[in-house]
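Below is one structure, written out as structure tokens, with a few remarks after it.
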Amino acid sequence: MALKLVEVIVLGQALRLNVPEEQEDILRQAARTLDAQVSEMKERTGLIQLDRVLPIVALNLSFELTQEKSKNSQIEDVLKTRIQQLDHSLENVLAR
């Protein structure tokens with residue numbers, strides 16, 4: 001996996017990161033999302049200090065990630081159940 005040096009601007013600061021080439025676009029999107037969420041949170045809360053806004057944004061992002069993981073886990077459970085049902089049905093058909 002080839003790494004590429006990518007520069008992104010996050011919160012007005014240039015960051016240079018080594019990332020796999022295929023993840024460059026995702027990293028750039030993540031930087032834009034973070035900037036947008038920080039700007040939105042500053043506007044909604046009226047807070048200007050970055051050290052006050054960042055924990056709120058981090059908590060929101062963590063909450064969203066936790067929700068998505070939970071959804072994925074539920075989907076995996078449903079898929080496993082369906083696969084087991086199909087497997088059982090196939091066994092019954094083949095046993096006849």
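The values are calculated or read from the model by the stated rules, or taken from the named source; none is laboratory data. The structure displayed is predicted, hence computed values, not measured ones. All Cβ positions, even for glycine, are placed from backbone atoms using ideal geometry, and neighbour counts span all protein chains on display. To get the accessible areas, we keep the full protein, side chains included, count just its heavy atoms, and leave off ligands, DNA and RNA. Shrake-Rupley method; radii C 1.70, N 1.55, O 1.52, S 1.80 Å.
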message: Quick check: pseudo-label points 7 Å beyond the Cα along Cα→Cβ at N60 and T33, how many nm apart are they?
response: 1.3 nm
query: When ligands, DNA and RNA are left out and all protein chains stay put, how many square angstrom of accessible area per residue does the chain have with a 1.4 Å probe?
result: 83 Å²
- prompt: Using alpha-carbon pairs under 8 Å, 6+ residues apart, how would you state the relative contact order of the chain in percent?
  reply: 15 percent
query: Mind checking the dipole of region 10-96: about its Cα centre, +1 per Lys or Arg Cβ, -1 per Asp or Glu Cβ, Debye to the nearest 20?
result: 220 debye
- prompt: What order do you get for 37-43, 64-70 when each peptide is scored by the mean count of other beta carbon atoms within 10 Å, highest first?
  reply: 37-43, 64-70
- prompt: Where does the chain land at 222 nm, in deg cm²/dmol rounded to the nearest 500, when only DSSP H runs of n ≥ 4 count, each adding -39500 (n - 2.57), divided by all residues?
  reply: -26000 deg cm²/dmol
message: How large a share of the accessible area of region 1-84, in percent, is made up of carbon and sulfur atoms when the probe is 1.4 Å and the other protein chains stay in place?
response: 55 percent
